[in-house]
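The values are calculated or read from the model by the stated rules, or taken from the named source; none is laboratory data. All values derive from a computational prediction rather than experimental measurement. All Cβ positions, even for glycine, are placed from backbone atoms using ideal geometry, and neighbour counts span all protein chains on display. Note: accessible area is taken over every heavy atom of the protein model, side chains too, but ligands, DNA and RNA are not part of it. Shrake-Rupley method; radii C 1.70, N 1.55, O 1.52, S 1.80 Å.
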Amino acid sequence: EVKGNVLSYGSCQFPTLGFVVDQFLKVENFVSEPFWFLHAEHTQRCEGGEDARVSFTWRRRRLFDQEVCFVIYAACMEDPTARVVKVTARPKEKWRPLPLTTVELQKAGSRHLRLSPDRVMTVAEGLYNKGLISYPRTETNVFDKSMDLRGLVEKQAGNRQWGEFARRLLDGEFRWPRQGKNNDNAHPPVHPLVPADGLSGDDARVYEFVCRRFLACCANNAKGHYTEVTVEIGSEQFAAEGLMVVARNYLDVYHPYERWEGSAHIPVYREGDTFMPTMFEMRDGATTAPRLLRYEDLVGLMEKNEIGTDATIHEHIKRVIERGYVHKQADGSLRPSTLGVALVEGYDAIGLDLSLCKPYLRRELELALKEICRGSLDSVAVKRKAVEMYRVVYQQSRQEFGRIVDALTRHFGHGPDLDEGGPGAGSQSARAVVVQEQDPAVFACPGCVGGVMRVRQRRDGRWMLGCSRYPACNRAVWMSDCVVGAGVSEATCGVCSISSSNNGGSGNVEGGTVYQLNLQFKPGSMPAYIGESYVGCLRGCDETLNQLIPSIQAMLAGNAAGGRCDNAGNNGNGNGNGSGSGSGGGVHEMASPFSLSGYALDSEAITATASKPKCHCGLFANRLTTRKEGSNFGRDYYKCSRQMRQCGFY
């Protein structure tokens, strides 16, 4: 337990957390890219005497090369006359919804009613217990042909809000609902049973949704007329499209939850017509980050990956929120807590073939259970295999529990207190860091008054450099297991000692003295020019160590918050621009041999950094290749190498 709160693992609970953390990291890692595009507009007088402004979208959509885009724009401007090359007009339909399942009820309730999945199910079960709706736990989206659906519609004809639509269905607009692909042969889709009077609050909102959804299922698709006009300017094609809604049908009752609005009116164009665009210009924009998951997104991912059942999905989401792994934001998005991110990183670091934070392990079991129901697998064999699989996972997790402690330590500045006989005892540290005043001092702590940076060895055998005022000051450098020895050399650094003394740094070691560090490496873990031992200064003047540890400058500048050690460091103000001010110092991303993941880079990777540019964080940038189809396909580019809170270098 941590401060009275239980930390737990569950085979459905942690993949649920993993979805939230994965999306969070995508948002954090996102680097906006500028792009350019061509835009054309044409204003034309319609038959009714009104002016219609039509916007034409470039078929290429956008280019990420400004010069290439400008060349195309200049070529078009030589003769900007637009010629109509194709006019397409056809009927279009918007499909009515399928009958309502439990998962769809949770997703729609979250999206449209702004209720949590757990709250939606609680309300739905209450309505079922009152006899107002059918059983709300079902995977079926097919109505049995023997059901009297017209009779159910007739019971809603007296409602003041949707009764008129129900009467329209009875007068000839009734259509049998669409047939879905799922049928659990146990319960029909969720639908209303009897009229309800006197409901209020969430009860009334959920009941209204179930009724409107059922009536929409029994109506016609919405119908419209779609028009698309394609023109050429120079050798480039542009298109404008318009939609005129002819019959709303099911949308007349389902409009609170779905819309299908007609788009801009398209004047009459004929193939071969020419006109001069009212506006033709080159514009710019930038790609935007994906959004954090919301309840409905998370439910959809869990359903797709078969994490939990339709009846338990909401419980797993509720559990990760109760545990404090995930927080719901004011805008409805789901954001992982520092604890949630640390736990996912810790389990991922264990290195299991099937990560406990990913859906694969649980999904394999769920698929096997379904095969048992179909009679194609033996339940005893499935149970035996599942138990053995989870036994191996448990044993490896127990042996490598120190990696989870390390992850928590990186994010919180210290590890949790564990009993000597608890997980990890005998193989990893009972406490991540052993603070001993006799540990040799290297230099004055740059992040606090009175502290000195000391070399320490943790109980798991790994080495670190940390402030003597821990836990008041969390500034530290964590060394991976390729460092087999670390000691304070008798040699001092003339450059940094003078600089530190002149600056009058607090907590000086013998009046500003900076000692060099003697590092011993595993054989073969470092390139030949470093070898198995190296003596150097970690105070920022040693270029070799600066290349191996890009975070030295950031650590000395105090750009981290709370001693946290993310996969990519952490700007104190969290704005991702690499300029935030920190509180209490911290730990940043480090290349081998100070790798956060605990793995050393190979010698080729380290040597290759010499030719890389540095980003705004002072780190060597990653060289990547564009894989998106387009004009930039195959081109190499550099971006910030951080995994989280990137500085935007491109």
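Worth pointing out:
- Selection within the range 303-327: residues that are on the phi > 0 side of the Ramachandran plot and modelled with pLDDT under 85. The member of this set that is least open to solvent (accessible area, probe 1.4 Å) is G308.
- Residue in the range 360-374 that is among the β-branched types (V, I, T) and open to solvent by 20 Å² or more (accessible area, probe 1.4 Å) present: yes
- Leading residue by the ranking (nearest to E366 (Cα to Cα)) among those in the range 387-409 that are of a type in the set (A, V, I, L, M, F, W, C) and open to solvent by less than 20 Å² (accessible area, probe 1.4 Å): V393
- Number of residues in the range 131-167 that are of a type outside the set (A, V, I, L, M), in contact with a helix residue (DSSP H, G or I) (Cβ under 8 Å, 6 or more places away or on another chain) and closer than 23 Å to D252 by Cα: the value is 9.
- Of the residues making up the range 243-250, at least one is among the hydroxyl-bearing types (S, T, Y) and open to solvent by less than 50 Å² (accessible area, probe 1.4 Å).
- On the stretch given as the range 499-532, residues that are at pLDDT 80 or above and of a type outside the set (A, V, I, L, M, F, W, C) total 5.
- Among the residues making up the range 146-177, those that are open to solvent by 60 Å² or more (accessible area, probe 1.4 Å), assigned to a loop (DSSP other than H, G, I, E, B) and closer than 20 Å to I133 by Cβ are S146, D148, G158, R160, Q161.
- Only one entry in V320, V341 is assigned to a helix (DSSP H, G or I), in contact with a strand residue (DSSP E or B) (Cβ under 8 Å, 6 or more places away or on another chain) and either basic (K, R) or touching a residue at least 60 places away in the same chain (Cβ under 8 Å) (or both), namely V320.
- Per the listing A407, A330, A349, the residue uniquely more than 21 Å from L25 (Cβ to Cβ) and either modelled with pLDDT under 80 or under 25 Å from the mean Cα position of the chain (by Cα) (or both) is A330.
- Flag for C496 being in a loop (DSSP other than H, G, I, E, B), crowded, with 21+ Cβ neighbours inside 10 Å and at pLDDT 75 or above: no
- Residue list for the range 205-227, restricted to those being in a helix (DSSP H, G or I), under 19 Å from D171 (Cβ atoms) and touching a residue at least 60 places away in the same chain (Cβ under 8 Å): F214, L215, A216, C217
- Apart from one condition, A196 fits all of (1) within 30 Å of C373 (Cβ to Cβ); (2) open to solvent by less than 30 Å² (accessible area, probe 1.4 Å); the exception is (1).
- Of the helices (runs of 4 or more DSSP H) lying entirely inside the range 1-118, those carrying at least 2 residues that are in contact with a strand residue (DSSP E or B) (Cβ under 6 Å, 6 or more places away or on another chain) and open to solvent by less than 40 Å² (accessible area, probe 1.4 Å) are 13-29, 66-77.
- Selected residue (criterion: most open to solvent (accessible area, probe 1.4 Å)) from residues of the range 251-302 that are within 30 Å of V231 (Cβ to Cβ) and of a type in the set (A, V, I, L, M): M276
- Residues that are part of a helix (DSSP H, G or I) and touching a residue at least 40 places away in the same chain (Cβ under 8 Å) occur in the range 125-143; there is at least one.
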